[in-house]
Structure formats: C-alpha cells, structure tokens
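Student: One structure, pasted below without further comment.
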Amino acid sequence: MPNRFYFFVPHILVLLTILVFFPTFFNDFQTGWDDKWQVLENPFIVDHSFEQLRFHFSELYRGQYSPINTLLYIVLYELFGFNPMAFHAAFLIIHILNVLLVYSIIKAVIKQFKPELKIPRMQLYAGCISLIFAIHPLQVESVAWVSASKIILYAFFMLLAIWCYIKYIDSYKTLWLFLMAILYALSYGSKEQAIIMPLNLFAIDFIFGRYIYIKLNATLLRKRVFLEKLPFLCLGLGFWYFASLFNIGSLVVENSYPFHQRILFGMHSMVEYIFRAIAPVKLFYYYFFPIKIGEELPLFYWSYLLLTIIIVGFIWSNYKKNNKLVVFGFFFFIINILLVLHILPFPRPVITADRYMYISIIGISIIGVWFFDWTLHNFLKYKKLLFSIATFYLVAIAIQSYNRTLVWKDSATMKKNVKELVEKRKALKQPIINSPLTDNDE
C-alpha cells in the first residue's frame with residue numbers, strides 16, 4: 001500500500017464516521033425521555049441571564065451538574081432554535097473531534113510501545129483502534145441521543161487533557177499542566193464522571209515507562225511523576241467535595257444491595273461490557289437490575305467470578321510477558337467504567353448502559369487490534385483469511401451502528417426497543433425494576 005495512503009487515515013476516519021451516523025441528522029429529540037427536561041423545557045436555555053447562569057454553575061439542575069454542556073445547548077438554541085438537526089450535527093462533530101484525538105493519542109502510545117514500527121504501519125495501527133472507537137454500536141447512544149451529549153463533551157475535554165499530558169511528558173513544560181487543569185475543570189463541568197481523569201494520567205505514565213526506575217516507598221512522594229499529579233488530585237477532591245454538598249458522589253449504604261452482591265454486579269458489568277464490545281448485538285437503551293434489594297442473586301451470577309478470574313489471569317500473563325500495551329488497554333478500560341461498576345454504592349437506575357462505555361471502548365479496542373496483530377504475526381499463512389474476517393467484522397459493526405442510529409429516531413422507536421426487553425423479561429418472569437416506561441407506554 002503506498003505511503004501516501006496513510007496520510008489520508010484521519011480523513012477516512014471522518015468520512016466513515018459521518019456515513020455510519022448519517023441517520024442522526026434526521027433524528028428528532030427524545031421528547032418521551034430526558035430530552036424534554038434536559039433541553040426543550042430547560043429554563044436555563046431560554047432564559048440565560050447572568051443570574052441564571054451563576055445559579056446554574058453553583059447549583060444542580062434535576063440532580064445533575066453539567067453547566068458547560070448547558071452552555072453548548074444555549075449556543076445552539078441561539079443560533080438555530082430547537083432544531084434537532086442542528087443539535088445532532090453539533091454532537092456528531094464533537095464525536096468526530098474525539099475520534100481524531102483518539103487517533104493522535106494512540107499514535108503516541110504505539111510509538112512509545114512499538115518504536116520499531118514504521119510510520120505508515122503506526123498510523124494504520126492507530127487508525128484501526130480509532131475506527132472501532134468511531135463506529136462501534138456501543139457509541140450510538142452517546143452520539144445519537146441529545147441528552148447524552150454530556151458524555152461526548154466531557155470525553156472531548158478529557159481526551160484533550162490526555163493529549164496535553166503526552167505533550168508535557170515530551171517537553172516537561174509547565175504550560176501543558178495549566179492547560180490540563182483548565183480542561184479538567186471543563187470536563188467536570190460537562191459531566192461529574194470526569195472526576196476520575198487523574199487515574200488516566202497514571203495509566204499514561206505506565207505505558208510511557210515512567211515507573212520503571214521508581215520504587216514503591218516514601219521517596220515516591222518526592223518524585224516528579226507523583227508531584228505533578230498533586231494539583232489534579234487536589235482538584236478532584238475539590239470536585240468531590242462540591243458534589244457531596246448536593247449528595248452527589250455520596251455513598252448510599254442504607255437501602256442498597258449488600259457488598260457481596262455489588263462485587264458480583266461489578267464483575268457482571270465488566271464482563272458484559274467486554275462481551276458487548278466484542279459482539280455488539282441485542283443492545284438496549286435500558287438494562288434492568290436482575291433482582292430487587294433483599295433478594296438472592298441467581299446462582300449463575302457466580303459464573304462471572306470465574307470469567308473475571310480468567311480475564312485477570314490473561315492480563316496478568318501479559319504483564320509478566322512485559323506486554324504493556326494489553327495491560328494499558330485494560331487499565332484504561334477499567335478506569336473509565338470504575339464509577340459505574342456498583343462496587344461503591346452510588347445510586348443508579350440501571351446495572352449497565354451503553355453510554356458508560358464511550359471512553360472505555362478505547363481500551364478494549366487497543367487489546368482487540370493488538371490481538372489481531374499478534375494473530376497475523378503468528379499465522380502469517382492465513383493472512384488473507386484474517387484480513388477478510390477483520391474487514392467483515394468492521395463492516396458488520398458499521399451496519400449495526402447505522403441501524404442502531406435509526407432506532408434512536410424518536411421516542412416511539414426507542415420505546416419499542418425497551419418494550420422488547422420488558423416483554424422478554426416478563427416472559428422469563430424476571431423483575432422489572434425502575435422501568436422507564438409509563439402505564440401509557442405499556
């Protein structure tokens with residue numbers, strides 16, 4: 001393949017992303033779901049006086065803190081009114097920017113891990129990972145749902161902060177740290193889940209080999225690699241304190257599932273996210289808890305313990321082989337779903353959600369592309385077959401995402417998707433907990 005082709009990898013990523021999510025331009029608001037109160041009836045969007053904005057930055061709205069996201073809504077409203085096409089187009093653009101950021105970050109990671117690779121192959125490696133991030137069906141909920149714009153917006157600022165951190169590692173210029181602090185605040189102001197950003201910095205340190213000559217003792221606290229994180233850890237504590245004033249981020253021990261069940265929920269969620277990343281079929285807007293509080297879990301849930309042991313064993317074996325890319329991918333995956341694994345008793349209406357995987361899919365994609373590269377290297381005589389399988393897989397997930405975007409057309413099509421799951425659970429005599437459907441819907 002000629003080298004000039006690789007120059008167009010980012011352009012190809014943009015084009016394919018637009019093609020896959022093209023139906024979103026014609027989707028409506030989800031008036032039967034959160035879009036109604038998040039956007040259409042949000043008083044801050046229509047009346048955005050200074051006093052209203054000050055209140056919005058210092059208080060919660062409907063139990064959520066996302067003033068930066070609301071500012072974006074205000075800009076779109078002022079320019080286009082409540083035109084759903086304009087809103088969907090804006091959020092698709094942000095998703096595309098995220099794709100390009102992922103491409104840039106992964107190029108730097110691959111260069112660090114595999115410096116022997118020539119630039120064209122490095123671009124192809126990064127391009128494949130970025131393509132999965134761009135068009136994976138798990139991304140549809142975040143891209144095609146206006147109210148989920150918080151996800152792609154906080155991801156944009158976080159990915160940009162990670163990109164700045166890589167620039168800092170290359171130059172050690174303090175300016176990059178100041179920019180990161182601003183981006184961290186913007187990311188948190190888009191969605192509270194961004195509070196975990198400092199953990200991603202530690203993952204980047206790992207893949208860049210910044211811990212190789214550091215021992216775990218008291219001297220660690222005096223090392224640059226730790227001291228440079230202190231401002232972000234302090235910011236994170238400040239964000240947590242602010243959220244705790246409104247009981248967001250507070251642990252709810254009473255009236256919650258017992259600890260051993262939450263551990264199993266965490267294992268179940270992790271395994272389910274990995275399976276959905278590999279085989280994204282039968283996706284739903286709503287994933288119900290399997291039992292009510294106080295009930296016993298079905299015995300088959302203990303199988304997730306075995307699957308978790310197998311997964312951890314696989315990661316550990318790669319760590320022992322010094323395969324830092326796989327370990328980094330797993331760390332990045334876990335860090336960015338850490339707050340939604342239910343191990344800490346934060347109140348959540350669903351056991352899993354596709355949108356929670358928006359950033360974490362990067363980690364699974366890294367492992368997936370590495371596995372393909374490893375298989376190709378060890379079974380070179382099946383090169384054509386392997387490339388055919390990979391091409392088929394990418395085309396399949398692209399078609400699945402396109403069709404999934406059509407499902408998000410409006411509330412009627414989405415409720416049909418949820419009703420399908422509800423009917424299935426009723427047939428299996430499984431509980432319907434925190435159902436998003438009203439009596440009229442059913």
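The values are calculated or read from the model by the stated rules, or taken from the named source; none is laboratory data. None of the values given here were measured: they were computed from a predicted structure. Note that we place each Cβ from the backbone using ideal geometry, even for glycine, and neighbour counts take in every protein chain shown.
Student: Working only within region 339-373, note down all residues that are in contact (Cβ under 8 Å) with a residue 12 or more places away in the chain, farther than 16 Å from L159 by Cα and assigned to a loop (DSSP other than H, G, I, E, B).
Tutor: The answer is L341, H342, I343, L344, P345, F346, P347, P349, V350, I351, A353.
Student: Something else about it: If you scan region 345-375, which residues turn out to be at pLDDT below 90 and either basic (K, R) or under 24 Å from K111 (Cα atoms) (or both)?
Tutor: Applying the first criterion (at pLDDT below 90) to region 345-375 yields 345-351.
Matches in region 345-375: R348 only.
Student: Looking only at region 22-55, which residues are assigned to a loop (DSSP other than H, G, I, E, B) and buried (at least 16 other Cβ atoms within 10 Å of the Cβ)? First the steps, then the outcome.
Tutor: First, pick out the residues of region 22-55 that are assigned to a loop (DSSP other than H, G, I, E, B): 27-34, 41-42, 47-49.
Scanning region 22-55 gives N27, D28, F29, Q30, G32, W33, D34, N42, H48.
Student: Further question on the same structure: Step by step: first the residues of region 132-169, then only those that are touching an Asp or Glu at 6+ places or on another chain (Cβ under 9 Å) and among the small types (G, A, S), then the one that is surrounded by the fewest Cβ atoms within 10 Å (Cβ to Cβ). Which residue is that?
Tutor: S147
Student: When residues of region 262-306 are filtered for being in contact (Cβ under 8 Å) with a residue 24 or more places away in the chain and in a helix (DSSP H, G or I), how many remain?
Tutor: So the count comes out to 20.
Student: Has region 172-187 got at least one residue that is part of a loop (DSSP other than H, G, I, E, B) and of a type outside the set (S, T, Y)? Spell out how you get there, then give the answer.
Tutor: Here is the first cut: in region 172-187, the residues part of a loop (DSSP other than H, G, I, E, B) are 172-173.
Okay, now just the ones that are also of a type outside the set (S, T, Y), so 173.
Scanning region 172-187, I find at least one residue that is part of a loop (DSSP other than H, G, I, E, B) and of a type outside the set (S, T, Y), so the answer is yes.
Student: Any idea which residue in region 81-125 is modelled with the lowest pLDDT, counting only those that are closer than 22 Å to I204 by Cα, among the aliphatic types (A, V, I, L, M) and under 19 Å from the mean Cα position of the chain (by Cα)?
Tutor: Here the residue is V109.
Student: If you don't mind, another one. So is Y61 buried (at least 19 other Cβ atoms within 10 Å of the Cβ), among the hydroxyl-bearing types (S, T, Y) and more than 21 Å from I364 (Cα to Cα) or not?
Tutor: On the way: buried (at least 19 other Cβ atoms within 10 Å of the Cβ): no; among the hydroxyl-bearing types (S, T, Y): yes; more than 21 Å from I364 (Cα to Cα): yes.
Here the answer is no, as Y61 does not meet what is asked.
Student: Something else about it: So Q430 ticks every box in (1) part of a loop (DSSP other than H, G, I, E, B); (2) at pLDDT 80 or above; (3) farther than 30 Å from S365 by Cβ but one. Which box is left unticked?
Tutor: Result: Q430 passes all but (2).
Student: Among Y188, Y184, Y172, which is over 25 Å from L283 (Cα atoms) and surrounded by fewer than 19 Cβ atoms within 10 Å (Cβ to Cβ)? Reasoning before the result, please.
Tutor: Details: Y188 fails: surrounded by fewer than 19 Cβ atoms within 10 Å (Cβ to Cβ); Y184 fails: surrounded by fewer than 19 Cβ atoms within 10 Å (Cβ to Cβ).
Going through Y188, Y184, Y172 in turn, just one is over 25 Å from L283 (Cα atoms) and surrounded by fewer than 19 Cβ atoms within 10 Å (Cβ to Cβ): Y172.
Student: Name every residue in region 306-325 that is among the aliphatic types (A, V, I, L, M) and modelled with pLDDT of 95 or more, in order of residue number. It would help to see each step written out before you state the result.
Tutor: Start the filter on region 306-325 by keeping residues that are among the aliphatic types (A, V, I, L, M), which leaves 306-307, 309-312, 315, 325.
Scanning region 306-325 gives L306, L307, I309, I310, I311, V312, I315.
Residues are listed down the side, and each one gets a yes or a no for (1) under 30 Å from I291 (Cα atoms); (2) modelled with pLDDT of 75 or more; (3) touching a His at 6+ places or on another chain (Cβ under 8 Å):
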| position | (1), (2), (3) |
| --- | --- |
| N200 | no, yes, no |
| I214 | no, no, no |
| E228 | no, yes, no |
| G249 | yes, no, no |
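Student: Can you tell me which residue within region 151-186, out of those that are among the small types (G, A, S) and touching a residue at least 40 places away in the same chain (Cβ under 8 Å), is nearest to P67 (Cα to Cα)? Give the steps one after another, and end with the answer.
Tutor: Just the residues of region 151-186 that are among the small types (G, A, S), to begin with: 155, 161, 171, 181, 185.
Next, from what is left, pick out any that are touching a residue at least 40 places away in the same chain (Cβ under 8 Å): 155, 181, 185.
Working: A155: 15, A181: 17, A185: 11 Å.
This residue is A185.
Student: Another question about this same structure. Would you confirm whether or not region 390-408 contains a residue that is hydrophobic (A, V, I, L, M, F, W, C), farther than 29 Å from F330 by Cα and part of a helix (DSSP H, G or I)?
Tutor: Filtering region 390-408 for residues hydrophobic (A, V, I, L, M, F, W, C) gives 390, 392, 394-399, 406-408.
Applying the additional criterion that residues be farther than 29 Å from F330 by Cα yields 406-408.
Then keep just the ones that are part of a helix (DSSP H, G or I); that gives 406-407.
Among the residues of region 390-408, at least one is hydrophobic (A, V, I, L, M, F, W, C), farther than 29 Å from F330 by Cα and part of a helix (DSSP H, G or I), which makes the answer yes.
Student: Continuing with the same structure: Would you confirm whether or not region 333-341 contains a residue that is over 21 Å from I106 (Cβ atoms), at pLDDT 95 or above and surrounded by fewer than 19 Cβ atoms within 10 Å (Cβ to Cβ)?
Tutor: no
Student: A further question follows. Against the conditions (1) farther than 22 Å from N98 by Cβ; (2) surrounded by fewer than 17 Cβ atoms within 10 Å (Cβ to Cβ), where does Y77 fall short? Just the number, please.
Tutor: (2)
Student: Suppose we filter region 346-388 for residues that are farther than 30 Å from N434 by Cβ and within 26 Å of the chain's Cα centre (by Cα); how many remain? Show your work before the answer.
Tutor: Within region 346-388, the subset farther than 30 Å from N434 by Cβ is 365-388.
Checking which are within 26 Å of the chain's Cα centre (by Cα) leaves us with 365-374.
Total meeting the criteria: 10.
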